[in-house]
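Read through the structure below, which is laid out as structure tokens, and then see the notes.
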């Protein structure tokens, strides 16, 4: 996978530090601790980056237990999207795929049952660019500078799953807990 390191490797030193928090595409202890704090904050409506910061709750594909993580919600052309900055092997991506896209978005106003639908690779470039505009923490992990032309994003689009977020009220008890 080409997307595990950023093309800005010679860029700011902080990019190397942030990449080190996610060695081998998995969060280390520091990243796990920070993610737990952020997930709690976002679920309770604290410092949500203007509403972009959300807590996603997915069912673990092996344990069946609810797993919560902080993500940045990107809005583009009236739709909502989530991006995996760590690529297709990120645990949350595998969990979502194993559970037919089912998840919860946890916010202060209450949980929203959603279905995450994977966006075709050919349609991801503008969504990846929008995501990098909104998610500075993801910039060290995406292999394209944020202001790059769409062609550069298209070249790495297969390395970064993008999901359209759809409200799904059909099956309200399918994911673990439903309260922040």
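Criterion first (at pLDDT below 95 and either over 16 Å from the mean Cα position of the chain (by Cα) or outside any loop (DSSP other than H, G, I, E, B) (or both)) does residue 82 satisfy it?
Judged against the criteria, residue 82 is not a match.
Might you check whether a residue that is more than 19 Å from residue 167 (Cβ to Cβ) and touching a helix residue (DSSP H, G or I) at 6+ places or on another chain (Cβ under 8 Å) occurs anywhere in region 101-123?
Within region 101-123 (the criterion being more than 19 Å from residue 167 (Cβ to Cβ) and touching a helix residue (DSSP H, G or I) at 6+ places or on another chain (Cβ under 8 Å)), the answer is yes, since at least one residue qualifies.
Out of everything in region 15-50 that is in a loop (DSSP other than H, G, I, E, B) and modelled with pLDDT under 75, what residue ends up being nearest to residue 72 (Cα to Cα)?
Pass one, region 15-50, residues in a loop (DSSP other than H, G, I, E, B): 21-22, 26-28, 44-50.
Imposing the further condition that a residue be modelled with pLDDT under 75 reduces the set to 21-22, 26-28, 49.
Values: 21: 18, 22: 17, 26: 17, 27: 16, 28: 19, 49: 9 Å.
So, considering only residues that are in a loop (DSSP other than H, G, I, E, B) and modelled with pLDDT under 75, the one nearest to residue 72 (Cα to Cα) is 49.
Inspect region 86-108 for any residue being part of a loop (DSSP other than H, G, I, E, B), within 27 Å of residue 44 (Cβ to Cβ) and modelled with pLDDT of 95 or more and give the result as yes or no.
Taking every residue of region 86-108 in turn, at least one turns out to be part of a loop (DSSP other than H, G, I, E, B), within 27 Å of residue 44 (Cβ to Cβ) and modelled with pLDDT of 95 or more.
Check residue 106 against each of (1) buried (at least 19 other Cβ atoms within 10 Å of the Cβ); (2) closer than 23 Å to residue 89 by Cβ and name the one condition it does not meet.
(2)
Working only within region 51-63, note down all residues that are farther than 21 Å from residue 75 by Cα, part of a loop (DSSP other than H, G, I, E, B) and in contact with a strand residue (DSSP E or B) (Cβ under 7 Å, 6 or more places away or on another chain).
If the condition is that a residue be farther than 21 Å from residue 75 by Cα, part of a loop (DSSP other than H, G, I, E, B) and in contact with a strand residue (DSSP E or B) (Cβ under 7 Å, 6 or more places away or on another chain), then 60 is the only one that fits.
Of 69, 132, 116, which residue is part of a strand (DSSP E or B), touching a residue at least 12 places away in the same chain (Cβ under 8 Å) and farther than 21 Å from residue 36 by Cα?
After applying the criteria, what remains is 116.
How many residues are more than 24 Å from residue 89 (Cβ to Cβ) and in contact with a helix residue (DSSP H, G or I) (Cβ under 9 Å, 6 or more places away or on another chain) when one looks only at region 127-147?
The number of residues fulfilling the criteria is 1.
Which residues, counting only those in region 135-163, are within 14 Å of the chain's Cα centre (by Cα), outside any loop (DSSP other than H, G, I, E, B) and buried (at least 18 other Cβ atoms within 10 Å of the Cβ)?
The answer is 138, 159, 162, 163.
Enumerate the pairs (first residue in region 79-90 and touching a residue at least 12 places away in the same chain (Cβ under 8 Å); second residue anywhere and surrounded by fewer than 17 Cβ atoms within 10 Å (Cβ to Cβ) and not in a strand (DSSP E or B)) with beta-carbon separation below 7 Å, excluding pairs fewer than 6 apart on the same chain, so at least 6 apart or on different chains.
87/1; 87/4
The values are calculated or read from the model by the stated rules, or taken from the named source; none is laboratory data. For clarity, every value in this text was computed on a predicted model and none was experimentally measured. Positions of Cβ are backbone-derived with ideal geometry, glycine not excepted, and every protein chain shown enters the neighbour counts.
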